[in-house]
Amino acid sequence: MLVYQDLLSGDELLSDSFPYKETENRALWEVEGKWVVQGAIDVNIGANPSAEGADADEAVDDQAARVVDIVDTFRLQEQPSFDKKQFVAWAKKYIKLLSAKLEGEKKEEFTKSIEGAIKFLLPKLKDFQFFVGESMADDAGLVLAYYKEGATDPTFIYFAHGLKEVKC
């Protein structure tokens, strides 16, 4: 199994069990999330509760909750929304920090593609939910989530060059 960690914070953000699609000149990855039910599961064992002496009004407190699989699996932490000025400030800092960590061909590819990726994201800022990894590090990468037109499940956007592949 492959796990993708944030290059700056070391937080696990994704794994190969969630297929991605490269976009914006390979600068971004799009990953489809899914709403799932987590918690107690109702199992019908074929018993008749009234015949067993159970009260029909007796309710079971099943701690079931709906969660988004990627957010839950990688313990992503939602952040307040960014306006354009805040996002550009974050992007400048992120580009500087990430450029220092990248080498050779990866660094060159990152510098060529990141500006286009930021320009692609800016007009959509109001549609995004912002997430960071479990450590909530200030200088880590962001994971953006939005709903495509008509979709009931969110799509997540990752900065491809900010992820490090680790074999587990």
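Need the failing condition index for Leu13 against (1) modelled with pLDDT of 95 or more; (2) part of a loop (DSSP other than H, G, I, E, B), just the number.
Evaluating Leu13 over (1) modelled with pLDDT of 95 or more; (2) part of a loop (DSSP other than H, G, I, E, B) leaves (2) as the failure.
Within segment 1-21, restricting attention to residues that are of a type outside the set (A, V, I, L, M) and out of contact with any strand residue (DSSP E or B) (no Cβ under 6 Å at 6 or more places or on another chain), which residue is most open to solvent (accessible area, probe 1.4 Å)?
Restricting to residues being of a type outside the set (A, V, I, L, M) and out of contact with any strand residue (DSSP E or B) (no Cβ under 6 Å at 6 or more places or on another chain), the top hit is Pro19.
The values are calculated or read from the model by the stated rules, or taken from the named source; none is laboratory data. Note that the structure is predicted; figures quoted are calculated from it, not measured. All Cβ positions, even for glycine, are placed from backbone atoms using ideal geometry, and neighbour counts span all protein chains on display. Surface accessibility is based on the protein's heavy atoms, side chains included, excluding ligands, DNA and RNA. Shrake-Rupley method; radii C 1.70, N 1.55, O 1.52, S 1.80 Å.
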